[in-house]
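Q: If you scroll down you'll find the structure; I have some questions about it.
Please treat every number below as a calculation from the coordinates, not as lab data. Remember, it's a predicted structure, so these values are computed and weren't measured experimentally. For neighbour counting, all protein chains shown are included, and Cβ atoms are generated from backbone atoms with ideal geometry for every residue, glycine included.
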Amino acid sequence: MDNNSPYLHPQYETLSREEISQLQAERLQQTVKRCYENVPFYQQKFKEMGITPDDIKTAADVRKLPFTTKQDLRDTYPFGMAAVPLRDCVRLHSSSGTTGNPTVILHTQKDLDEWANQVARNLWMVGLRPDDVFQNSSGYGMFTGGLGFQYGAERLGMLTVPAAAGNSLRQIKFMKDFGTTAVHAVPSYVTRLYEVMQEQGVDPRRDTKLRVLAIGAEPHSEEQRQRIEQMMGVKAYNSFGMSEMCGPGVGFECPEQNGLHFWEDYYIVEIVNPETLEPVPDGEIGELVLTTLCREAMPLLRYRTRDLTRVLGHSCPCGRNHVRLDRMRGRSDDMMVLRGVNIFPIQIEKILMTFPELANNYLITLTTDDDNDNMTVEVELAEMFTDDFGRLQKLNKDITRALKDEILLTPRVKLVAKGTLPVSEGKAVRVVDKRKVYQ
Ligand code: AMP
Ligand code: ZN
């Protein structure tokens, strides 16, 4: 592995499992002490559970600690979880709450430095170097995908183009004019960009120098990734992040593209059964729980992310031993329950993406009609052949059958013209639930 990277502590990237455990034990002890001494919320929890920082000796002792939930962050809004005086903080990020208070995450300068290192580590891992030109199409501001990638890409030493969200024509012009080689975008936006490129007669392979995409911030299927790679003529790497854990940089795919390495020098990773909160065996799906190990301003113990995934392994042909997690299946709150069947939007996406006749944008609507709950899947056609009714009908039937095989219910499928469904600048909205709720 090339260790001449300009970010800090590359030596942690290739630690053995034993070394990782050792480092985690040390860092967990410090983190727990910090929480206990400075955060009344945790002090109270420790007292209730009858534990003190002295009870934490190994990384596995993390299981003795209390969980932290999004609700806890809301209840202590805005600064109740701070472990340092506000004067030592230099930035806050806030994730939008659709209900109630948003959550606030505080950062010291050291926290921001470490975050930049994490992102730089990921970008370096997938072959980006100071000669690359990095364009970020995330919103800058409270959304961490903007500043998070910005500082990480600068730390690596690339020329950065903080294009920010939206304005696809300008994005494409920048890519061409500035020789952009790498882009960060949410996957649903990449497909939008490609459509605009097509409308403009721009061929990304011929007219741009793009070679790497970091795609993340929202669930997407392997099929979607492959489509993106083909369309754009690039390698697309899955990037996982969440504001509560800094933002982007928490987990990233290596060139093997066999799951996301979650950085265990920064986090303790647990996968638990969301009902019992007990650990699940490797390979089994459960809720991702993360404990920060390097955070000064706002350390979080056993944070319940609500993201569902599983452990794929602890070693990798790339030489890194940091745990590999499967792509997120979605959040437990994304799961739709329709007539008693549990369905994730990504299951629908996976099927739709296998039909070359379909474009990438789709919308799932749940309704109650005559007291029955139904699902309608609207999906855009890749090309116009609305005049060929027979072909459309057959396609519709094939899609419906394939979806039924996957989700065990028969949805209504509506094929719509390209550009008809709404496109969001940030994370895509895939599900609209209009069902009547019966008490
Ligand atoms: P936010 O804190 O607003 O950035 O949202 C974080 C959430 O976005 C995570 O908890 C995940 O649900 C989702 N997310 C982020 N990255 C990915 C990814 N690569 N794949 C699937 N979901 C993701
Ligand atoms: Zn790897």
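Q: In a shell of Cβ-Cβ distance under 14 Å around residue 426, excluding residue 426 itself, what net charge do Lys and Arg (+1) and Asp and Glu (-1) give? Before the final figure, lay out each step's value.
A: Details: positive: 192, 427, 430; negative: 218, 425.
Here the count lands on +1.
Q: Using only the alpha-carbon atoms, how far is helix 389-407 inclined from the longest principal axis of the chain? Give it as 0 to 90 degrees, nearest 10.
A: 30
Q: Considering the dipole of the chain built from charges on the beta carbon (Lys and Arg +1, Asp and Glu -1) around the Cα centre, which of 53, 103, 66 is farthest to its positive end?
A: Towards the positive end, the residue furthest out is 103.
Q: What number comes out for the charge environment of residue 101, summing +1 per Lys or Arg and -1 per Asp or Glu over other residues with Cβ under 12 Å away?
A: The answer is 0.
Q: Quick one: what are the phi-derived ³J(HN,Hα) couplings along the range 207-216, Karplus 6.51/-1.76/1.60 with θ = phi - 60°, whole Hz, x for glycine and proline?
A: Each residue of the range 207-216 in turn: 9, 10, 9, 4, 9, 10, 10, 9, 10, x Hz.
Q: For the range 1-143, restrict the atom set to alpha-carbon positions and state the Rg and Dmax in Å.
A: In Å, with Rg to one decimal and Dmax whole: 18.2, 54.
Q: Taking the Cα atoms only, what angle lies between the long axis of helix 144-156 and the longest principal axis of the chain, rounded to 10 degrees?
A: 70
Q: Follow-up. Once you put a point 7 Å from the Cα of residue 368 and another 7 Å from the Cα of residue 48, both along the Cβ direction, what distance in nm separates them?
A: So the label points at residue 368 and residue 48 sit 3.5 nm apart.
Q: Can you give the angle from 0 to 90° between the axis of helix 40-49 and the longest principal axis of the chain, with both taken from C-alpha atoms, to the nearest 10?
A: 80
Q: Quick one: P(r) of the chain from all Cα-Cα pairs, 20 Å bins, percents rounded to integers, in order of increasing distance.
A: 24, 55, 20, 1
Q: Let me ask something else. Roughly speaking, what is the stretch gain from residue 398 to residue 196, that is 0.36 nm per residue apart minus the C-alpha to C-alpha distance, in nm to one decimal? Before the final figure, lay out the partial values.
A: Details: separation 202, 0.36 × 202 = 72.72 nm, distance 2.84 nm.
Fully extending the segment from residue 398 to residue 196 adds 69.9 nm.
Q: Separate question: I need the per residue convex hull volume for the range 279-355, using only the alpha carbons, in cubic angstrom as a whole number.
A: 152
Q: Okay, moving on. Please list, ordered by chain and number, the residues whose modelled amide H lies under 5 Å from the amide H of residue 133; skip anything fewer than 5 residues away on the same chain.
A: Here the answer is 181, 182, since their amide H atoms fall under 5 Å of that of residue 133.
Q: Holding the Cα-Cα limit at 22 Å, pick out from 110/427; 176/418; 235/350; 350/397; 235/394; 414/434 the pairs that are longer than that.
A: In this structure, 110/427; 176/418; 235/394 exceed 22 Å between Cα atoms.
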